[in-house]
Amino acid sequence: MESAAQFLAGNVGQLLSEEYRLLSSVGGEVTELRDDMATMNALLRMQSEADEAAVDYFVREWMKQLRELAYDAEDSVNLYKLRVKCRHGDKTAMWLKHLVRTLIQRHRLAGEISAIRARAITISERHARYGVNRDELRRSASFAPAVGVRTTPALPASNGQDHSRQFVDIGDQARTLAERLKEDEDYSFKVFSVVGFGGVGKTTLTVEVCRQLQAEFPYQAMVPVSQAFEPTRDLEKLLNSILQQVVKPQTDREKEVLEEATVKIHDLGLYLSDKRYLIVIDDVWTIHAWDAIQLKLLEVPNNCGGRIIVTTRIETVADACSSASVTGHYIYHMKALEFEDAKKLFLIKTFGKMDADYPEELEVVMSNILKKCGGMPLAIVSVANILAGYRSTGSKEKWETVCKLIGSSQMESNPTLEGMRHIVALSYNHLPHELKQCMMYLSIFPEDYEIDKKRLLSRWIAEGLIPEKRGWTLMEVAESCLNELLRRNMVVPRIGHDGKVESCRVHDVLLEVMVSKSLESNFVSLLGGQYTGMSYDRIRRLSIQGDDRMPSGKQGPTDSEPKKKKMMGRRNSRHALQGMDVVHVRSLSMFQVGAGNSNKLLDHLDKFTLLRVLDLEDCEGLTDDHMKYICRLYLLKFLSLKGTGISQVPPQVDKIEHLQTFDVQGTQLKVLPKSVTNLEKLERLLFSSKHGWDVMWRLPQGLSKMKGLRELNNAILENDIEVAKEIGKLEQLQYLTLYIDSYNIDNTEVLECFAKSLSDMHSLRFLNIGDLGWTSILKFLHELTTPPRLLRYLRMTGEIGGQLPHWIGSLTYLIEICICWALLAGDEPFGVLCKLPNLKCISLDGKYYTGETLIASTGHNFPALVELYMAPNRSDDPFPRVFKIEAGAMPKLETLKFDFHIYEKSIVGIEHLTNLREVQVRTDKGNSSASRALEQLKAERASRPDSKQFQIAVKYD
């Protein structure tokens, strides 16, 4: 979109100082084109920030022509780089020879530049002829301040009250539905359907019902289905998700302990047959999908009061699902929020809490806004997101403007999906223009798709969607953009155990809006699955979502759901790419495409000349033969082959000289070619193999050429002094996972040089270092002159001489540390770690200690520690036998995870952990010491007041 023009100005400017200046006949044309692109970028940005009402059909068409012109101009520049540009380092004779050989191509490109310039003039003249006033694109009031850089996600703290996520019971619907579900005297199996259109609150309602019924239904799970669900492809993944949720620590009210078991997918039905479970199957679109799911879940009858809740938009699907109940069927129709409940939700999202104080002048306009939202939760949240930045006295005018923008949607008297979409679109329309591009980019991913955070950020950067900001890396700016979208509730995050965002997804109604806007502006082209048969004149970003056919059993759209394909263009019965011009595609992504169809598509990779992003994660059809095409994609910046079956990367991979992200995790690779070191712009190199955890990239000489490297995982340092030295020259490196091949290192100078390199890595934030041979080679860590002081995460796997390196006590930014096979003794490790001001998590695993008793003493105050995990080696490590906590130790500890395995162990002093919220115990089924510990834990839990009680969980091996 705007980025095409924004970055083209700089590209053209660069050309003026290079070989293009030799073509004097077009020098002036190039200069004019650069100025045209700068003007176009300004106009496109104005259109992006303009009030929706100011952008009429003529203006939209005008902007579309400018975008396509900017794209074509950028393509011309990239083709120049690809086919004509002289190679760096060429001598004069070679340079002159190259100029003569490419003379025809140069003049052809010169003609293209002239033609593009002529198009720009024509568009300008047409605009002037029809007299559009540029002032119409100016906003009357700005609701989208430029996005700022945030260092941390604007998410609620895990240990504090989350006012922004307080649940507003929709007219007591959650309580009503929960009462109907549990029916204490009725232990027959039942299926309940909750029906209502997208955004009415079905998912939110069922989440709250599950929360209210945790005690009555200890085995719970919630899984999304999505419109593109295909049983033969997606059922196993869905069942596995249910399995992971229900087969985990579950409430046993008699023992007051949670227990975990081990079950396989094919045993899921049998496992659930004697359980009182509650499973939510969210967003079912077809009867065919439900039939496949229930066939697996209900293989064995359940007479323990098992419940399934199905949410759907479609009445016929709801009726078919609930009829599976043994005692009849039950359908619950979602209701809109009553005014008072709607107001509570609005206040939570706008002011932070439902009883917030707010300026009296906003009362009337707030009432009008809520009436126009019709009691629809998603609509209310969308409007609240816009107004959250305007909460003080004097904001009335802005609130009234938003109220007018909602228009007369008639949502109050007749809520419709189209009305919902209109209101939801407002939250998008009032984003800053940088965030609009980032948000629209999410339409590339399928419905309900969990998008890995770093994958998304790296793709944004590769596409040129992230603006440069002084003093920040592009990755930091990209993360600030994602954080802002999270703060505005535009995306739904998934938080990892460390409290950080791991992935995100988009609400399906908002995704529909993004898809509509993307197709309208030719930002993304979608093929396959529900987009089968779509055809496009010119493709810029191509997302293939499933095979080029309708899923079996797919039902047509209902009256309540507009027919998407009518909106998306004409149908085409030919093969997905047959007859399409793909030379202008800059991004290709494939999701859930069968192996046969993948092969057909991937055989055309040589036609995708201008690709910047190639994302083939989990693509079944990718083979080593396709790699020869990939290595010719000179302009690639992002390449993901994660989860594919490739076993070789050819040496020619270094031809992709602009590559920034290279992800080959979970492949059949055993090695990478030495030529990878020629990728000087590479920032992220991610490697892991299906052949085993110890199959890693053995670092070659020449590593120091990779000046841009910021993330390197699963690497091995061998007996090479030069490589040990070169690691220290990777000045930008922030994430490093490296194992030392102690089997083959026989030169102490290698370790001395590596220690010096670690001391020089001032940018390092994440360090995972281990000994591949389980020797005492990690003792060299004591010799570091200065540690990487910005470390946030440190993992050490191997013997380090009985004590931690002294410099660890100076890592004031350290948040998490993992220590494995360290053979520590005495006061270690707590004596060194207890003063670290930001340390939140300690993991101790596999022969980490050699003494009988490990003591957390009164002096071990740990100012920030909230989680401690202690696990022995699973074969022959009983130590420590006693973990003793003294008064005053670890005062903020919330979670204690302790592994007994088969050994006699004990925990002493649990009463001193006054802030404890959860204890997780792992043990062999017949371990009597673990049984005694559990009884002690239950007694301690019972002795505490309700506000201080902690949860107990046990997993049996």
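Key figures for this structure:
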{"read-out": "Share of carbon and sulfur in the accessible heavy-atom surface of region 580-716 [1.4 Å probe, %]", "value": "44 percent"}
{"read-out": "Loop-located chymotrypsin sites (Phe, Trp or Tyr not before Pro) in region 683-775, at most 14 other Cβ atoms within 10 Å (DSSP)", "value": "Trp693, Tyr743"}
{"read-out": "Probe 1.4 Å - accessible area at Lys756, Å² to nearest ten", "value": "110 Å²"}
{"read-out": "Net charge, Trp807 excluded, C-beta distance under 12 Å - Lys, Arg +1, Asp, Glu -1", "value": "0"}
{"read-out": "Highest average packing first - 818-827, 432-441, 942-951, 112-121, Cβ atoms within 10 Å", "value": "432-441, 818-827, 112-121, 942-951"}
{"read-out": "Paramagnetic reach from Arg944 in region 913-932 [backbone N under 18 Å; point 7 Å along Cα→Cβ]", "value": "913-922"}
{"read-out": "Among 279-290, 529-540, the order from most to least packed when residues are scored by Cβ within 10 Å on average", "value": "279-290, 529-540"}
{"read-out": "Pairwise centroid distance, computed over Cα atoms, of region 426-460 with region 463-490, Å", "value": "11 Å"}
{"read-out": "C-alpha center-to-center spacing [region 731-757, region 280-298] in angstrom", "value": "52 Å"}
{"read-out": "Cβ-defined net charge surrounding Tyr848, 10 Å radius [Lys, Arg +1; Asp, Glu -1]", "value": "-2"}
{"read-out": "Proximal charge balance of Gly389 [Cβ under 13 Å; K/R count +1, D/E count -1]", "value": "+4"}
{"read-out": "Extreme residue, positive dipole direction of region 778-873, given options Leu811, Asn873, Trp821 (C-beta unit charges)", "value": "Leu811"}
{"read-out": "GluC sites (Glu not before Pro) lying in DSSP loop within region 815-896, provided at most 15 other Cβ fall within 10 Å", "value": "Glu852, Glu886"}
{"read-out": "For region 833-886: rounded, prolate or oblate by the Cα gyration tensor [a/c cutoff 1.5]", "value": "oblate"}
{"read-out": "Pairs from Lys190/Lys335; Lys371/Lys454; Lys779/Lys955; Lys453/Lys655 whose Cα-Cα separation, in the structure shown, is over 30 Å", "value": "Lys371/Lys454; Lys779/Lys955"}
{"read-out": "Neighbour-limited loop hits for trypsin sites (Lys or Arg not before Pro), region 807-914 (at most 13 other Cβ within 10 Å; DSSP other than H, G, I, E, B)", "value": "Arg874"}
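The values are calculated or read from the model by the stated rules, or taken from the named source; none is laboratory data. All values derive from a computational prediction rather than experimental measurement. Cβ: placed from backbone, ideal geometry, glycine included. Neighbour counts: every protein chain shown. The accessibility values were calculated without ligands, DNA or RNA, using every heavy atom of the protein model including side chains. Shrake-Rupley method; radii C 1.70, N 1.55, O 1.52, S 1.80 Å.
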